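So the structure is just underneath, and the comments pick up after that.
The values are calculated or read from the model by the stated rules, or taken from the named source; none is laboratory data. Bear in mind the structure is a predicted one, so any value in this text is a computation, not a measurement. All Cβ positions, even for glycine, are placed from backbone atoms using ideal geometry, and neighbour counts span all protein chains on display. These accessible areas exclude ligands, DNA and RNA; they are computed on the full protein's heavy atoms, side chains included. Shrake-Rupley method; radii C 1.70, N 1.55, O 1.52, S 1.80 Å.
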Amino acid sequence: MMRALNYLEAAEALRGGMVTATNQQRAALETTDVEVVETPWRAGDPVRSIGSLAAGGSCFTAFDVAHCNLVGPGSVAVARHARRTDTPLVLHAHLTREDFAQSFRGSSTIAPALEPYLRWFYSQADLVLCPSEYTKDVLRAYPVDAPIRQLSNGVDLESMQGYESFRADTRARFDLDGTVVYAVGEVFERKGLTMFCELAKATDHEFAWFGPYDEGPQAGAATRKWVADPPANVTFTGYMEDKRAAFGAGDIYLFPAKVENQGIAVLEAMACGKPVVLRDIPVFREFFTDGEDCLMCSTFEAFRDAIDRLADDPELRTRLGENARETAESHSLDRIGEELASIYECLRDGDVASAVAATEG
């Protein structure tokens, strides 16, 4: 059996897609022969592990392959340890300069300075994994000096089961009625917050954004503006204990994100058979087909018309939703687990070319 580190540093302080993606990797690997180690530290954390050095040992536990999902100091330490010990190193590019911008106060100012660091960090890898061909192109443009392979974040289909049972209680809890246009995830401008709220103002439908939002000084200007004074038909729910409540309550999933590396919540909406309206950007074109499993829009008027069409046409909602469910099933964790295990095995055996070959181009 192979022992693989699958590490997300500071996981307890994080939220959002990076956490979901890491958890899904680990769930996917449960169906394989890979033994997953979640922390690199021999004593559970770096401070307590320092004692191992004094005893002539190592701070690090044993693993055959290292896979890091963040770019902070803990991951840098793992990368250096991997280089010293000739351990294969996978770095997962969940974060780019482009998707860092417009997320919290000052993030757009910081984002350009982030690129050189990300170029240096990702270039240490034996293999960089990223969720989409779009992200691969972004990394190549930096340029990252390491092999890069696209691997879908996937969607945990089992985690969405039973979403329908939450519908009545969730709609009553937030006083939602009629056709509900909704989004799921953290509330900030890169996710299309202003477009979401302006569309709500232009329609008579209920709009709900299910997910946490910052209210302190770190919150972006758009988040502060819209959460403090939302349109009358917009509800910001805050953190949801069970994501199925959001997908059960909503009818039309609206995601006018400006930049995404893939969009796990889109796949979750599709897994629930919901009709989806997306901004027409390259990463969504990569995975989804306009008019078949979603509607894609480039302008405010197109978004408004798409929402109205879906609200007025139950047959269109059903057709798109059924096709969307098939799309989500093609991103199942079983498939992701098999690919990830194969990548680890190839790297352990020193066969980087095979680890990359399936999607390199």
Total charge dipole magnitude, the chain, about the Cα centre, Cβ charges on Lys, Arg, Asp, Glu only, Debye to nearest 20: 1260
As a test, work out the antiparallel percent of DSSP beta bridges whose residues both lie in the chain, rounded to the nearest 5. 5
Give the residue from PRO88, THR289, GLN161 lying farthest towards the positive end of the charge dipole for the chain; charges sit on Cβ (+1 for Lys and Arg, -1 for Asp and Glu) and the dipole is referred to the Cα centre. PRO88
Counting only protein heavy atoms, what percent of the accessible surface of region 210-259 is carbon or sulfur at a 1.4 Å probe? 50
I need the chymotrypsin sites (Phe, Trp or Tyr not before Pro) found in region 134-213, filtered to DSSP loop residues with at most 13 other beta carbons within 10 Å of theirs. none
Cα pair count fraction exceeding 20 Å, expressed as % - region 160-330: 47
Taking only DSSP H segments of four or more residues, each worth -39500 (n - 2.57), what value at 222 nm results for the chain once the sum is divided by all its residues, to the nearest 500 deg cm²/dmol? -13000 deg cm²/dmol
Taking the Cα centre of region 160-330 as origin and charging only Cβ (+1 Lys, Arg; -1 Asp, Glu), how large is the dipole, in debye to the nearest 20? 360
For region 214-290, which GluC sites (Glu not before Pro) are in a loop by DSSP, counting at most 11 other Cβ atoms within 10 Å? GLU241
Whole-number accessible area per residue in Å² for region 160-330, which is evaluated in the context of all protein chains at 1.4 Å: 41
Can you list the aspartates and glutamates whose alpha carbon is less than 12 Å from that of LYS225, not counting same-chain residues fewer than 8 positions off? GLU189, ASP214, GLU215
For LYS243, go through the aspartates and glutamates and keep the ones whose alpha-carbon is under 16 Å away, minus same-chain ones fewer than eight residues off. ASP156, GLU158, GLU164, ASP169, GLU186, ASP251, GLU268
Residue among THR299, VAL34, CYS59 farthest towards the positive dipole end of the chain, charges placed on Cβ: CYS59
Count neighbours as other Cβ atoms within 10 Å of each site's Cβ, and list the chymotrypsin sites (Phe, Trp or Tyr not before Pro) in region 231-331 that are DSSP loop with at most 10 such neighbours. TYR239
